[in-house]
Amino acid sequence: MPKGAASNLLFHDSDWNFETLSRTYDAIETIALDELQLDVYPNQLEIISSEQMLDAYSSVGMPLMYQHWSFGKRFVFEEHLYRKGRRGLAYELVINSNPCITYLMEENTMAMQALVTAHASFGHNHFFKNNYLFQQWTDASAILSYMEFAKKYISKCEERYGTSEVEVILDSAHALMDQGVFRYRRPPRLSSEKERERARERLEYEEQTYSDLWRTLPPSPDGESNKDAERDASERKKALNLPEENLLYFLEKTSLILEPWQRELLRIVRVIAQYFYPQRQTKVMNEGCATFVHYTIMNRLFDQGRISEGSMLEVLHSHSNVVFQPSFDDPRFPGINPYALGFAMMQDIQRVCTDPTSEDRDWFPEIAGSGKWRETLIDAWANHRDESFILQYLSPALIRKFRLFLLTDDAGDNYCEVASIHNERGYEAIRTALARSYDVAANQSDIQVVDVDLLGDRHLRLQHNVKNGILLDEASRDATLRHVRHLWGYDVSLAGVDAETDDVLYECSTAPTSE
Amino acid sequence: MPNFIDRRLNPKDKSLGNRRRFLKRAREELKRTIKEQIKAGKIADVDAEHRVPMPERGVGEPSFQPSPTTGERQYVLPGNHEFSPGDRLPKPSARGGASGKGAGTGESEDDFQFVLSRDEVLDLFFEDLELPDMVKLNLKESVAFKRRRAGFAASGSPTNINVGRTMRNSYGRRIALRRPSRADVAAIADEIAKLEAESNTGGAHQKHIEALREELDKLERRRRRIAYVDPVDIRFNRFEPQPLPNASAVMFCLMDVSASMGEREKDLAKRFFVLLHLFLKRRYKRIDIVFIRHTDEAGEVDENTFFYSKQSGGTVVSTAIEEMLRIIEERYPAREWNIYAAQASDGENSAGDSDLCVSLLHRQVMRLCQYYAYVEIIDERETEIFGTTDNGTSLWRAYRTVDSEWSNFQMTRIARPSDIYPVFRKLFARQATVQLRTERR
């Protein structure tokens, strides 16, 4: 398509075709790689229709997913909202994979396609490739083939063992999905072969060093039996690697009643949960990074005269919709908008680097006035998650701009108290509290496997470490506990223990007699 | 360079399987909801999509969730206008917390409705209803046959030869009779050729060649005698004609439109007919409807006229039955059609005609019909009086005798829209034992 000699525009009207898409992509790529110095996976852009977008939504955004009724439930829910016009579809969906897959909706105008390309194929893509959480915890190049394996495996299980058999296991596993991630230690990466090899070696060693003498030691006198029991307990805990925060992992490895295929199902659910865990911890940064990138790139394209004023207005219109932050008393208030907060913080970093006030120099001595906003941002994107990012970079200027205030809420009182507002005395407190609210691990209920006697009654004991007196919702707690019991096969009990005082706040069990 | 892939042509409805699983799980609850909706008087809408609320039971996805009514929390909120530290705000409601997070994101999934397609609705709606006598009618009514594979035969037409079977038999026979293979023959021929090529012409050598020639000759004769494929090997695919159940039905709607039938009565009758029509539509590939209205004379009319136009005159029910018989004879021979009839009336009939109706039914109609339903529409006040007794209008009393004799005749009374569905279910409920019509000759 010959371009007008006078016009340098990438596209003229709102219709798109593959030629304009590709031309625009190249222009965006040049800016992203050369000017912003982004580092991305190769891109794959896929055009899909709105129905396909709805499909993708309901299967947690994966292009390949096994079948389960809960996705059908989500689907009718999303479809309903969409048909009623209560919720628009996302313009784009991006998958943390290598190559990075971006879905573009066919209904988008060309200006929107450009925006989405910049947002997802470069913003999100850069973040996926460089952020330490994604690097350490997910394997972008393997996820698609893993999902393919999972899908095939589960449908094979359904053929062999029946749909309902598979369904009950998946139901129980889904209930524990939040408790199915490793938060603090990296997931063990040993392949099953290596593991078997190691077990064999250990067994050999034990056989070689076996001495019958030790077995015939006289039983200890009564006084020490208590101590013995304690030692036994601590020994078996050590053998099972307890306490264990990843319930699905524990059940998969230790449950005595599961068939091998059932363990594999647990593993699949657990792997998916783990794959999404970094995304939940970096919502603000991820969206902020993508929004900042698309905003910078689109403005740059406009400055170069490569997109028209009309298209730019359209881009700005949807950009401002995305970063709109209603205040707390607005009926539309949904919580703090991660796009708005992330974008504002990154723009703020740019401002602090290039045009700092004296206040900024006090708060951010390392970066204020350095002029190196690109380097600062790229470093932040690589080495932070939401919690640490906010703790590090939320500036007083931004707190004032958002007019943030801190509210404390004690369930016992019938009022909420304003603890801090956006003034000199409140900045620190607000920043800390906001950062903490993005700490996923701290906000999820901390439930761990603490003890089980595999040789005795096999009663599985869970412990909920209660923080700030926040207990569990009882109905869903009991229902979930039944799911644990289903996977464990023997009775399960849960004790709520105050994290600070070690007081037992509540106890519940699936055993019929105990309550 | 990016890799562009156009996925728009990929198959849609990837979620269909998931949706089906979800509906299956929620089946009981959805069924109840649909029934209630239909009872509430929207029968004309049955044949459409339905909105149903999210079922509550069976589709919960529990997980460990923090309870909103306990503990201390901190919220950071944007948009402070006038607060200073220490201000106290009353909590908005019992839901605890000043709408921190989650207020908007969790958009309760309970109070939304989703749409079931027409087919899904009908499936739920007509579950465990069955057409009486439908399949059990004798097979002579079937007019179509379909050829179905039925094993193998030793005779048949050459087009039906089953090559696999035939060759298997041939192979087995060849092994059993030790038919020399081509390779055996070729081996001996080769050896002869080799020996002949040698210049050695000793007596023993010649003898050896002779012996080999003889052997070769024997083999070849044997090969000729034992056929490669013998007629006894040949097998043919066998087909059996299988009768196909009759797949077309006609439904006669008979209604009294004399002055005594008001709007209410007609509306109730219409609902009943609509249900019956829908139900038959689920079961038959092809279904015709014939509308016959009558006063003191009967006529076939189109649907609109049937339900909406007014006519006055006396009431002679037998005219409608006669008209129906005429139409059956003319267009719907009972051998080829499954015939269903539904009659709606307020039960009034001119004196003496009821007996004529009964004799028509006895002598002709009931033999032809798959099923005959009589629905009497009565006043709401009359339900208490007539609800369960055998007393009633002249037509009702006359029809009692038919009811007692023919199992494919059903009669019932309707006073309210809400009666229709239960009555319908009663009429078509799956019966444990169904008597064959043909036994009653």
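Details
- The Cα-based radius of gyration and maximum Cα-Cα distance (Dmax) for the range A:351-391 are 10.5, 28 Å.
- Note on the range A:26-155: Lys pairs 8 or more places apart or on different chains, Cα atoms under 27 Å apart, count 4.
- Cleavage-rule hits (trypsin sites (Lys or Arg not before Pro)) in the range B:274-339: DSSP loop, at most 13 neighbouring Cβ within 10 angstrom: B:K285, B:K310, B:R335
- Whether the range B:266-362 is rounded, prolate or oblate, judged on the alpha carbon gyration tensor where a/c under 1.5 counts as rounded: oblate
- Angle in degrees between helix A:18-30 and the longest Cα principal axis of chain A, rounded to the nearest 10: 80 degrees
- Förster-model FRET efficiency, 41 Å R0, A:D15 and A:D355, C-beta, rounded to 0.05: 0.50
- For the pair the range A:351-415 / the range B:262-339, the C-alpha centres are spaced 79 Å from each other.
- Here the Debye sum runs over all C-alpha atoms of chain A as equal scatterers in vacuum, and log10 of I(q)/I(0) at q = 0.05, 0.09 Å⁻¹ comes out as -0.26, -0.80.
- Over chain A: helical MRE at 222 nm, DSSP H runs n ≥ 4 each giving -39500 (n - 2.57), nearest 500: -16000 deg cm²/dmol
- On Cα atoms only, tilt of A:225-240 relative to the major axis of chain A in degrees: 40 degrees
- Chymotrypsin sites (Phe, Trp or Tyr not before Pro), loop per DSSP, at most 13 other Cβ atoms within 10 Å - longest free stretch of chain A: A:325-515
- The distance linking the range A:273-289 with the range A:322-345 is 18 Å (Cα centroid to Cα centroid, whole angstrom).
- Degrees, to the nearest 10: A:163-175 long Cα axis against longest axis of chain A: 80 degrees
- Rounded Å value of the spacing that divides the Cα centres of the range A:59-125 and the range B:1-39: 17 Å
- With a Förster radius of 25 Å applied to the C-beta separation of A:E309 and A:S49, the computed FRET efficiency comes to 0.25.
- Ranking of A:T20, B:T69 by count of other Cβ atoms within 10 Å, fewest first: B:T69, A:T20
- Dividing the C-alpha radius of gyration of the protein assembly as shown by 2.2 N^0.38 Å, with N its residue count, gives 1.36.
- Environment charge at B:E330 (Cβ cut-off 15 Å; Lys +1, Arg +1, Asp -1, Glu -1): -3
- Computed on chain A, with alpha-carbon pairs under 8 angstrom and 6+ residues apart, the relative contact order is 15 percent.
- Ordered by the count of other Cβ atoms within 10 Å of each Cβ, fewest first, B:H294, B:H277 give B:H277, B:H294.
Bear in mind these aren't lab numbers, they're just calculated from the coordinates by the rules spelled out. Since the structure is predicted, the reported quantities are computational estimates derived from the model, not experimental observations. For neighbour counting, all protein chains shown are included, and Cβ atoms are generated from backbone atoms with ideal geometry for every residue, glycine included.
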